[in-house]
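Colleague: I'd like to ask some things about the structure below.
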Amino acid sequence: MDCPVCKKNVMIVLELDEVEVDYCTECEGIWLDAGELELLLGGATASDALLGSFQAANTPEKKRKCPICLRKMEKVLVGGQGESQELIDRCGHNHGLWFDRGELQNVLKMGQFDDAGRIKALLGDLFCSEPDKEKQNPCI
Ligand SMILES: [Zn+2]
Ligand SMILES: [Zn+2]
């Protein structure tokens with residue numbers, strides 16, 4: 001699978017608590033397909049809550065292509081009001097969601113989708129405890 005940002009085949013599969021996610025080794029973005037999201041969040045209720053919080057966004061940000069169907073994805077806002085929103089990419093044909101580097105962690109930081117902090121802990125293993133550190137981070 002090609003990374004929708006780097007546009008080359010630099011994606012690897014990572015296993016997070018038995019859920020496979022696609023991770024780009026260059027830009028550190030994460031692709032979650034629809035089923036993976038549900039597994040990662042621990043059930044349909046949580047993933048519906050996340051998907052239900054999406055709002056269409058008007059943004060000049062460049063549209064990315066879905067790595068599955070190669071059609072342009074839509075930009076959606078996730079989360080509550082104001083500052084805590086994240087802008088992510090969603091395939092309108094339900095293939096999945098694209099999170100740029102740090103976006104998945106920010107969505108999880110909102111708390112409402114990851115009550116026990118379980119996913120944050122899994123991602124913490126992956127990205128160290130400080131996902132905002134520079135890319136040279138030795139533990140990646
Ligand atoms: Zn990439
Ligand atoms: Zn698609």
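The values are calculated or read from the model by the stated rules, or taken from the named source; none is laboratory data. Computed from a predicted model, the values in this text were never measured in an experiment. Remember, those area values only see protein heavy atoms, side chains included, never the ligands or the DNA or RNA. Shrake-Rupley method; radii C 1.70, N 1.55, O 1.52, S 1.80 Å.
Colleague: Mean separation of Cα pairs under 8 Å and 6+ residues apart, divided by the residue count of the range 11-127: what relative contact order is that in percent?
Modeller: Computed value for the range 11-127: 23 percent relative contact order.
Colleague: Taking all pairs of different Cα atoms in the range 11-127, averaging 1/r and flipping that mean, what Kirkwood radius in angstroms comes out?
Modeller: Over the range 11-127, the inverse of the mean reciprocal pair distance is 14.3 Å.
Colleague: Given a 1.4 Å probe, how much area per residue of the range 11-127 is accessible, in Å²?
Modeller: On a per-residue basis, the range 11-127 sits at 51 Å².
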